[in-house]
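Asks: Please read through the structure below; I'll follow up with questions.
Values quoted throughout were computed directly from the atomic coordinates according to the rules given, and no laboratory measurement underlies them. As the structure is a computational prediction, the values presented were derived from the model and not from experiment. Here the Cβ is made from the backbone with ideal geometry for all residues, glycine too, and neighbour counts use every protein chain on show.
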Amino acid sequence: MHTLARPTSSTTSTWLRRAAGPVLAAALAGGSLFLSAAPVSAQTPPSKIAVIDLRRAIAETEQGLRVQATLKKLFDSRQAELESKTRTLQAEKERIDKAYQSGKMSKDAVQKEYEKLMAQDQELQKATVEAQREMQRKEQEMTGPILQGILEAVKRIAAQEGYEMVLEKSAVPYFRGDLELTDRAIQMYNGGTSSKAPTAPAPKAPAKPAAPPTK
């Protein structure tokens with residue numbers, strides 16, 4: 001029988017890192033922000049370059065943490081449903097085995113029952129695959145806007161400080177620690193998406209009637 005893999009504490013906390021993979025790959029394919037370093041000639045001053053861990057940035061934003069909690073609830077619900085169906089099939093198999101061993105069921109009858117179980121198991125496998133695809137769709141749907149917001153934050157930081165390139169951290173074998181923008185991008189994203197209710201303007205006091213002219 002096949003079920004969705006039960007997440008451990010480490011896999012649960014890194015869902016968004018894995019979920020961001022397809023969305024991240026699409027962003028990297030665009031090549032508008034993350035570029036490979038070109039050779040620098042003797043006459044050309046070195047470029048100002050920074051790095052960012054996009055997967056961590058997505059996972060550790062305030063919105064990313066909420067998304068992770070939502071996905072965990074969805075995962076647990078699907079997992080419980082699939083495990084329940086698996087236990088039902090296992091109990092049915094044990095019932096058939098006992099009936100055959102005790103002579104209450106013929107070999108032909110057992111064969112027919114097993115064929116039914118196999119068909120049900122195939123349906124369960126299909127349901128498991130569909131549940132995994134549903135999780136992937138939800139992950140991409142919910143993390144895509146976060147990625148776009150992080151990219152916008154990176155562009156603003158780069159424009160403010162004159163970075164010519166910002167590279168994905170996983171593609172850089174070495175960099176100085178002060179060149180990483182991940183924490184700053186997270187803070188800028190959180191600040192830009194924080195919901196603050198606009199304060200209504202104070203009501204104006206009614207105008208006083210003009211005093212009558214004195215005679």
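Asks: If you stretched the chain out fully between Glu164 and Val110, how much longer would it get, using 0.36 nm times the residue separation minus the C-alpha to C-alpha distance?
Replies: Gain on stretching Glu164 to Val110: 12.4 nm.
Asks: Okay, next question. Do any trypsin sites (Lys or Arg not before Pro) in the range 98-191 lie in a loop, going by DSSP, with at most 12 other beta-carbon atoms within 10 Å of their beta carbon, and if so which?
Replies: Lys104, Arg176
Asks: So what are the three principal axis dimensions of the range 42-190 from its Cα atoms, in whole Å, longest to shortest?
Replies: Ordered largest first, the range 42-190 gives principal extents of 90, 34, 21 Å.
Asks: Now, a different point. Residue-wise, which Karplus ³J(HN,Hα) couplings in Hz belong to the range 152-162, taking 6.51 cos²θ - 1.76 cosθ + 1.60, θ = phi - 60°, and x for glycine or proline?
Replies: Along the range 152-162, the couplings run 5, 5, 5, 4, 5, 5, 4, 5, 5, 10, x Hz.
Asks: Sum up the charges of everything whose Cβ sits under 14 Å from the Cβ of Ala153, counting Lys and Arg as +1 and Asp and Glu as -1, but leave Ala153 out.
Replies: Within the 14 Å Cβ shell, the charges total -3.
Asks: Another question about this same structure. Each residue of the range 47-59 in turn: what ³J(HN,Hα) in whole Hz from Karplus with 6.51, -1.76, 1.60 and θ = phi - 60°, glycine and Pro shown as x?
Replies: With the stated coefficients, the range 47-59 comes to 6, 8, 10, 10, 10, 8, 9, 5, 5, 5, 4, 5, 5 Hz.
Asks: Then there's this: Long-range amide H contacts for Val51: which residues qualify at under 5 Å (H placed 1.01 Å from N, peptide plane, sequence gap of 5 or more or a different chain)?
Replies: Leu167, Glu180, Leu181
Asks: Between Leu117 and Gln140, how high is the FRET efficiency from 1/(1 + (r/R0)^6) when r is the Cβ-Cβ distance and R₀ = 30 Å? Nearest 0.05.
Replies: E between Leu117 and Gln140, to the nearest 0.05, is 0.30.
Asks: Still on this model: Just grab the label-to-label distance for Lys93 and Val129, each label 7 Å out from Cα along the Cβ direction, in nm (one decimal).
Replies: Taking the simple label geometry, Lys93 and Val129 are separated by 2.0 nm.
Asks: Here's a follow-up. Lys and Arg at +1, Asp and Glu at -1: add these up for the other residues within a Cβ distance under 14 Å of Lys107 and post the number.
Replies: After counting each charged neighbour, the total is -2.
Asks: Let me check I've understood the local charge: for Arg66, count other residues with C-beta under 15 angstrom from its C-beta, Lys and Arg +1, Asp and Glu -1. What total comes out?
Replies: Residues close to Arg66 contribute a combined charge of -1.
Asks: May I pose another question? By how many nm would the segment from Gln187 to Ala69 grow when fully extended, if each residue of separation counts as 0.36 nm and the alpha-carbon distance is taken off?
Replies: 40.5 nm
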